[in-house]
Amino acid sequence: MSKQQFQTEVSQLLQLIVHSLYSHPEIFLRELISNSSDALDKLRHLTLTDEKYKALIGNGIDAPRIDLTLDEENKTLTISDTGIGMNEEDLVAHLGTIARSGTKNFLAQLSGDAKKDSNLIGQFGVGFYSVFMVADKVEVFSRKAGEEKTYKWTSDGKTGFELEEATGNDARSVAGTTVLIHFNEEGATYANSYRLQEIVKKYSNHIAFPIFLTYDKSEWNAEKKESDKTRVTEQVNAASAMWQRPKSELTDEDYKEFYKSITGDWQDPLFWFHTRAEGTLEYTTLFYIPAKAPTDLYQAEYKGGIKLYVKRVFIMDDSKELLPQYLRFVRGIIDSEDLPLNVSREILQQNKVLTSIKTASVKKILSELKHIATSGTETDKARYEQFITQYNRPFKEGVYGDYANRETLLDLVRFKSTKVDGLTSLAEAKERMQPEQKALYYITGGAESMLRNSPLLEIYKKKDIEVLILDDDIDEIVFSSVPKYGDIDLKAVNKSNAGDDLKDESTPETTAEKAEALKPLLEKIKATLGEAVKEVRASSRLADSPSVIVSDEDEPSARMRQMMRSMGQAEIPEPTPTLEINPDHEIIKKLLANPEDARVADAAWLLFDQALLLEGVPLKDPSTFVQRLNRVLNQSI
């Protein structure tokens, strides 16, 4: 026998589970049955695709089933399956350590709120440890398919675990795992057959394998005038693939409980979409949208949420090929009648059947969401707002990467705006366009507060034209690739061509006169700034500020260049911005009155530097900026 310590994270996790998740201890049974179901799924797949395992059926591999055996007197419950099983190495890896990189994230997210924290258990794949909420001792006996030895793992959930080879009556005759739970004082309430049946029906009724409960059944004996106890074994779940049943037979509760059983989520899903396709291809899909974004949504090693079945046989649950990356938050089932049972991850990438299913599934999910977003009912509006709060950013990734569905995705994403509180759609912004407005305008490049106060917005506010506030760090990359929404141009206000739309065409003579009068000053400022700017010109987009910098249409903004460098793209060429000055501003008028004044040089650099700062661009030489500023202050005081 070897005595081993838990990995540090496991010890922390056990402490937190026992002390934080006490309000829903019944989930221990859901988690253990789910583990057994996964083990049965994996073995069934192997027996259908691998000759080695196929030959062991009836000789080391038994029919798939899950057995619950209750001993009310001794307050124990045994959960046994005929799944793939574990050997000594597997037991240490799965029950002594937590390999997933998200564990520390899990520990950090535990809040002490029991209901919120119980929701995290299944999301992080640490459900086995929930058994220590109700047990003071747990014994696990497991034999791996294709191997002869059974190993016994024992722990009290506090001091570590013991691992040894199991012999005699403890040894299993067939592959699988047996979990023997010794209930503690709080867990003794679950040493009750009615309670166990209730929990199984609530959480695990749709597990595709039969679940049997063996217990002492009491029946009234009229002759003896007392209850007789008989040891019976009864099936306590429906054991059918829930997603294959007609929608007309299923209730909302059926859908919600099935979602919880496959995800470990404690909350109800926001939406679900159940589809059965018949024709050239036959398949069934059942997709769920979680109420809260998965905790690994923005991690490179996120876990796929779709389980792939072929003719009700589980194939895999961690493939990222089943839906595009921007829909990585979707959970659910794809069950195909046409894929081969031995399909591999490599085959998935080129398989035409799966490509067709994937294409149709994406269109289905997006069309259902669009229907909810545009239905007009207050209930759907509130639900869609809840949805977009969680998943707006992934949809923006889709706008960038999924050209085939770009128009639908543009209808689904939401934006902050200068005109409305909260979020708005492009369709709503289009309806609010002014009669003379030539495009839908947006601003990118920093935090919301900075963007809302940008001098670039001044003329739009003056003309009562709406500008969308795009403050996500990916917005500039995404929307620079989107030239139109339907037949309407989309324009960034910090691009040089957006200013052309704002020129006052009613008085072209006045505009031309201003430009001509300003010419000596523009030339002086350009000569002073030299190669720092591409051009200096009069601005038609400023109302209150003296200056602003803009980029050419095909150039990344200064903010985007910063972001690209932070991502490791050091060799980005440094395009020079255009400086625009406001001919109606008092500073510009004073400079125009004395263009040859020695102070114009300092003023030119200060106009340029302040425009850079307002764009969120750090100055290359702050000390020189301060010296200039002090000189100007000294002259003005």
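For the stretch 79-183, please list each of the helices (runs of 4 or more DSSP H) lying entirely inside it that holds at least 1 residues being at pLDDT 60 or above and open to solvent by less than 40 Å² (accessible area, probe 1.4 Å).
88-95
For the stretch 248-272, name all the residues that are out of contact with any helix residue (DSSP H, G or I) (no Cβ under 8 Å at 6 or more places or on another chain) and under 23 Å from Tyr384 (Cα atoms).
Thr251, Asp252, Glu253, Tyr255, Lys256, Tyr259
Determine whether Trp243 is open to solvent by 60 Å² or more (accessible area, probe 1.4 Å), of a type in the set (A, V, I, L, M, F, W, C) and out of contact with any helix residue (DSSP H, G or I) (no Cβ under 6 Å at 6 or more places or on another chain).
no
Just one of Tyr288, Tyr215 is over 25 Å from Leu322 (Cβ atoms), in a strand (DSSP E or B) and open to solvent by less than 30 Å² (accessible area, probe 1.4 Å); which is it?
Unique residue meeting the criteria: Tyr215.
Under the condition of being in a helix (DSSP H, G or I) and of a type in the set (Phe, Trp, Tyr), which residue from the stretch 372-415 is surrounded by the most Cβ atoms within 10 Å (Cβ to Cβ)?
The qualifying residue surrounded by the most Cβ atoms within 10 Å (Cβ to Cβ) is Tyr391.
What single numbered condition from (1) open to solvent by 30 Å² or more (accessible area, probe 1.4 Å); (2) at pLDDT 95 or above fails to hold for Ala300?
Result: Ala300 passes all but (2).
Of the residues Leu423, Leu348, Leu369, Leu354, which single one is within 30 Å of Leu457 (Cα to Cα) and either in contact with a helix residue (DSSP H, G or I) (Cβ under 7 Å, 6 or more places away or on another chain) or open to solvent by 80 Å² or more (accessible area, probe 1.4 Å) (or both)?
The unique qualifying residue is Leu423.
Looking at (1) over 30 Å from Gln325 (Cβ atoms); (2) buried (at least 18 other Cβ atoms within 10 Å of the Cβ), which is the one condition that is false for Glu436?
Of (1) over 30 Å from Gln325 (Cβ atoms); (2) buried (at least 18 other Cβ atoms within 10 Å of the Cβ), only one is false for Glu436: (2).
Among the candidates Leu579, Leu619, which residue alone is at pLDDT 90 or above, aliphatic (A, V, I, L, M) and open to solvent by less than 40 Å² (accessible area, probe 1.4 Å)?
Every option except Leu579 fails the conditions.
Please work out which one of (1) modelled with pLDDT of 90 or more; (2) open to solvent by 70 Å² or more (accessible area, probe 1.4 Å); (3) closer than 26 Å to Pro618 by Cβ; (4) not aromatic (Phe, Trp, Tyr) is the condition Asp473 fails and give its number.
(1)
I'm trying to understand the selection: among the residues of the stretch 252-271, which are of a type outside the set (A, V, I, L, M) and under 25 Å from Lys381 (Cβ atoms)?
Once the filter is applied, which keeps residues that are of a type outside the set (A, V, I, L, M) and under 25 Å from Lys381 (Cβ atoms), the stretch 252-271 yields Asp252, Glu253, Tyr255, Lys256, Tyr259, Asp265, Gln267, Asp268, Pro269, Phe271.
Quick check on my filter: what residues within the stretch 586-600 are open to solvent by less than 80 Å² (accessible area, probe 1.4 Å) and at pLDDT below 90?
Leu591, Leu592, Ala593, Pro595, Asp597, Val600
Six or more apart or on different chains, Cβ atoms under 7 Å: show the pairs whose first residue is in the stretch 302-328 and in a strand (DSSP E or B) and whose second is polar (S, T, N, Q).
Leu308/Ser319; Val310/Ser336
Residues are listed down the side, and each one gets a yes or a no for (1) out of contact with any strand residue (DSSP E or B) (no Cβ under 8 Å at 6 or more places or on another chain); (2) in a loop (DSSP other than H, G, I, E, B); (3) closer than 25 Å to Val548 by Cα; (4) not polar (S, T, N, Q):
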residue	(1), (2), (3), (4)
Ala427	yes, no, no, yes
Gly446	yes, yes, yes, yes
Leu451	no, no, yes, yes
Leu468	no, no, yes, yes
Glu476	no, no, yes, yes
Ser481	yes, yes, yes, no
Leu490	no, no, yes, yes
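Being modelled with pLDDT of 90 or more, of a type in the set (A, V, I, L, M) and touching a Lys or Arg at 6+ places or on another chain (Cβ under 9 Å) is the filter here, so list the residues in the stretch 325-360 that pass it.
Answer for the stretch 325-360, where residues must be modelled with pLDDT of 90 or more, of a type in the set (A, V, I, L, M) and touching a Lys or Arg at 6+ places or on another chain (Cβ under 9 Å): Ile333, Ile334.
The values are calculated or read from the model by the stated rules, or taken from the named source; none is laboratory data. All values reported here derive from a predicted model rather than from experimental measurement. Glycine gets a Cβ as well: all are built from the backbone with ideal geometry, and neighbour counts include every protein chain shown. These accessible areas exclude ligands, DNA and RNA; they are computed on the full protein's heavy atoms, side chains included. Shrake-Rupley method; radii C 1.70, N 1.55, O 1.52, S 1.80 Å.
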